[in-house]
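Data block below; observations after.
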């Protein structure tokens, strides 16, 4: 007996030292890799108090993961159950080395209470995993990868929990020796096992052997799991919490401003994994491949080669494949991300509509778009590699400051008969209406801009437009990776804006809105920017826009990504529609609000062919038709065009109207 | 190769004072010259020892087009500065003088035409000045040692295969290649590449015996008089035939 205790103590000591050393070596490797990548990040650890709240809410409170209720509840059970067993497992490890250790004596009341709670929480892990297995075997959502990795993790964890309960059960049957903590009454669930399996009928010797077997299996599994974690997708266990803690606290964000004038820079954008920044790497570590991003992604949903989940996974594999070179600071030895045998192809990168559904839904706040847009930058600026049809768009933007190549000086022609003043004639205007290219040149867009102008006049707003002084806001070029061209356009607008110093900029397009509001400050133009749905709602609330109470029938609203997910504006357009159509109805589509499905135009996709998979606008048009609404209301001219095409293709009678047109009709 | 700084055809072109166009619009490299630059740069990539020089005759603002050519891969540029506009023979003589002052080129690439004046003449005058053979609207080009095989589109679908020796002048057509989009490092590098400026007067070019004189420049009046044709399908068809025959005079008999 004495001998066994000594051997146990020795083996446990070796196993713990070995196991933890291996674990720490692996984690240190990952940490060093994270420190060795060369990309710059603008991230600042600010607003710590808010971050602590986020940590409590999203990590400990598990609210983010429970946005998908059933799997979220399962995850919450696993999370708390697994966390609960850890202190006792740790105590058992130490006790294995030195039997005299009894934490129960150090914290008498508290430790007993903890064990009581842990013993109740632990079996919830099994409930959670039962659901996880049910989901994998029966439900089988396509976005969930079935792999050895996931199954091993489930097996490891279940063994840890079962042996934990067995240890506890046997513990209650062990003779109470002097100096040993009295476990009586601390194991309400494990205690049930005693009666259930008749463990108390066993001989003391068998009870001892039973305890020891449970103990060794428990320890072996925990140490095995510990070593397994850093190399598996379960790295998530370590990286998710810090990633959430460091998440962007606002939904609004700007694309990184690349210094395109720095002639010493050898490369622009993200061409190799060595050019990632540490925040990107932490993102990669945090992913556990839950697939929620893929479930939302418009590209993945229409059979395109992009899955945000797979993209993150592939980036992680590519990073690991070049870990040695990156650690050795040998950037030359790192291969480009897009290369012959790489799963990250041009088609993958160019399939993204930048709708941000992936980022919004991600329970651990991975920023997928940072990878995509920076890679696109590299493809365009360094490789001149992009879908060929967008080259003409680039040229048009460069020469005439609009994507279609209409003569730049005809920008104000849409307003010819409407008596809309230019800023040059009315520099003190209260509102600078930034019309955008679509409103200025596109036949459909011009009608929307004309409706806007009529509404503004009706509400007696002192506004003016830039006319030929306005250039494309830069969104298309920027999101298509052409940072050079985008900055050219932005600079052009910034100079004009700064000359007028506008009190408020009103935009007719969510893309203009987003860029002017969130990205122009990078270039020295910070002005209050409003999207017209917010502004018209405000005018209505001030009593300046009076609805004529005409029944406009049943409407459904299509969320624009750049209004919704990029800027969190969901209520204003809906409130406006309801007040303009008080006697009619507003129906919602199945995928709405934060989960609104993209029209397919974002990220410059408006100007690229959609040859892979099903067309996104048709997918969305089908959903529009399911609502039974007579009119589709849009708040973005690009959405309007895409969905009009989609509905036309489906030979539907649904009319697409921009909210500005609806307001015009409702206040005429 | 020779390039030209021209107004973007997408822009609204207005007539300014003194029978000149209002130049307050976007100017770009003549699109056919892009094909010329692309082909020259491509050829340089095949032959190791080549120097690609962009030459233009124009105002100081034409530097932008030369920088674009250098961003596309030209090694250096020559700008023959002149404030006035020139007919094709004077242009050709200026380009020829600038080229010969720089050295003896093996091949001179030009665009088959420039989209501003659309004279289609400069390359032929240039070849005459240089006393070398010339082809226009080249859609295929291959070179082995000093032999050049070139395919030219004479009319739509009418191809001629020509074999010629260097030195020569090649007028590039739209189908010759797809001009590549410049990469950012190349744009940045182009800013520092050498650009030689020569005053046209310094070249001492003889005034040609005959030349084109511009009397007046007028913009095309975009006047359209749409008519609505009503009636049965047969009546409409008859009216259309009548219109085409009598008013548009595009149908015979």
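Key figures for this structure:
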read-out	value
Any hit, region A:501-509, residues being part of a helix (DSSP H, G or I), in contact with a strand residue (DSSP E or B) (Cβ under 9 Å, 6 or more places away or on another chain) and outside the structural domain of residue A:372 (by TED's automatic domain parsing)	no
Residue match in region B:143-165 (condition: under 26 Å from residue B:100 (Cβ atoms), in contact with a helix residue (DSSP H, G or I) (Cβ under 8 Å, 6 or more places away or on another chain) and part of a strand (DSSP E or B))	yes
Which numbered condition residue A:569 misses (of (1) buried (at least 19 other Cβ atoms within 10 Å of the Cβ); (2) outside any loop (DSSP other than H, G, I, E, B))	(2)
Subset of region A:490-502 (residues that are closer than 14 Å to residue A:515 by Cα and either without any contact (Cβ under 8 Å) to a residue 12 or more places away in the chain or surrounded by 24 or more Cβ atoms within 10 Å (Cβ to Cβ) (or both))	A:490, A:493, A:497
Identity of the residue in region B:166-185, under 30 Å from residue A:264 (Cα atoms) and assigned to a helix (DSSP H, G or I), that ends up nearest to the other protein chains (Cβ to nearest Cβ)	B:184
Set B:205, B:215, B:148, B:228: member being touching a strand residue (DSSP E or B) at 6+ places or on another chain (Cβ under 7 Å) and farther than 27 Å from residue A:394 by Cα	B:148
Yes/no for residue B:114 being touching a strand residue (DSSP E or B) at 6+ places or on another chain (Cβ under 8 Å), in contact (Cβ under 8 Å) with a residue 40 or more places away in the chain and closer than 16 Å to residue B:34 by Cβ	yes
In region B:150-165, residue nearest to the other protein chains (Cβ to nearest Cβ) [restricted to those that are surrounded by fewer than 17 Cβ atoms within 10 Å (Cβ to Cβ) and touching a residue at least 12 places away in the same chain (Cβ under 8 Å)]	B:159
Condition check for residue B:108: crowded, with 22+ Cβ neighbours inside 10 Å and either assigned by TED's automatic domain parsing to the domain that holds residue B:39 or within 26 Å of residue B:191 (Cα to Cα) (or both)	yes
Condition check for residue B:60: within 14 Å of another protein chain (Cβ to nearest Cβ) and over 21 Å from residue B:130 (Cβ atoms)	no
For residue A:464: the one exception among (1) surrounded by fewer than 24 Cβ atoms within 10 Å (Cβ to Cβ); (2) in a helix (DSSP H, G or I); (3) more than 14 Å from every other protein chain (Cβ to nearest Cβ); (4) in contact with a strand residue (DSSP E or B) (Cβ under 9 Å, 6 or more places away or on another chain)	(2)
Residue in region A:178-189 that is within 30 Å of residue A:309 (Cα to Cα) and in the same structural domain as residue A:83 (by TED's automatic domain parsing) present	no
Only listed residue being at pLDDT 95 or above and not in a helix (DSSP H, G or I), chosen from A:305, A:242	A:305
Some residue of region A:382-402 being over 24 Å from residue A:599 (Cβ atoms), free of Cβ contacts under 8 Å to residues at least 24 places away in the same chain and either in contact with a strand residue (DSSP E or B) (Cβ under 8 Å, 6 or more places away or on another chain) or crowded, with 21+ Cβ neighbours inside 10 Å (or both)	yes
Counted residues, region A:162-190 - those being within 14 Å of residue A:123 (Cβ to Cβ) and either without any contact (Cβ under 8 Å) to a residue 24 or more places away in the chain or assigned to a loop (DSSP other than H, G, I, E, B) (or both)	3
Residue that is nearest to residue A:436 (Cα to Cα) [pool: residues in region A:610-637 that are in contact with a helix residue (DSSP H, G or I) (Cβ under 9 Å, 6 or more places away or on another chain) and in a loop (DSSP other than H, G, I, E, B)]	A:636
Looking only at region B:1-34, and only at residues there that are away from chain A (no Cβ under 14 Å) and either modelled with pLDDT of 90 or more or under 13 Å from the mean Cα position of the chain (by Cα) (or both), the one that is nearest to residue B:139 (Cα to Cα)	B:32
For residue A:461: the one exception among (1) under 30 Å from residue A:369 (Cβ atoms); (2) touching a residue at least 12 places away in the same chain (Cβ under 8 Å)	(1)
Residue match in region B:42-50 (condition: within 11 Å of chain A (Cβ to nearest Cβ), assigned to a loop (DSSP other than H, G, I, E, B) and free of Cβ contacts under 8 Å to residues at least 40 places away in the same chain)	no
Elements of type helices (runs of 4 or more DSSP H) in region A:330-443, at least 1 residues being more than 14 Å from chain B (Cβ to nearest Cβ), under 32 Å from the mean Cα position of the chain (by Cα) and farther than 26 Å from residue A:527 by Cβ	A:346-350, A:357-361, A:368-383
Hey, residue A:449 buried (at least 23 other Cβ atoms within 10 Å of the Cβ) and closer than 17 Å to residue A:406 by Cβ or not	yes
Lone qualifier among B:74, B:92 - being crowded, with 19+ Cβ neighbours inside 10 Å and at pLDDT 95 or above	B:74
Qualifying residue in region A:217-227 (condition: more than 14 Å from chain B (Cβ to nearest Cβ), closer than 23 Å to residue A:21 by Cβ and not in a helix (DSSP H, G or I))	no
Restricting region B:186-202 to residues that are out of contact with any strand residue (DSSP E or B) (no Cβ under 8 Å at 6 or more places or on another chain) and in a loop (DSSP other than H, G, I, E, B), the residue that is nearest to residue B:68 (Cα to Cα)	B:191
Residues satisfying the stated conditions in region A:522-550, i.e. part of a helix (DSSP H, G or I) and in contact (Cβ under 8 Å) with a residue 24 or more places away in the chain	A:522, A:523, A:532, A:533, A:534, A:535, A:536, A:537, A:539, A:540
Checklist (1) away from chain B (no Cβ under 14 Å); (2) in a loop (DSSP other than H, G, I, E, B) applied to residue A:264, failing item	(1)
Residue within region A:575-588 that is under 30 Å from residue A:480 (Cβ atoms) and either part of a loop (DSSP other than H, G, I, E, B) or out of contact with any helix residue (DSSP H, G or I) (no Cβ under 9 Å at 6 or more places or on another chain) (or both) present	no
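The values are calculated or read from the model by the stated rules, or taken from the named source; none is laboratory data. Because the structure is predicted, anything quoted here is derived from the model rather than measured. Cβ sites come from the backbone with ideal geometry, for glycine too, and all protein chains shown count toward neighbours.
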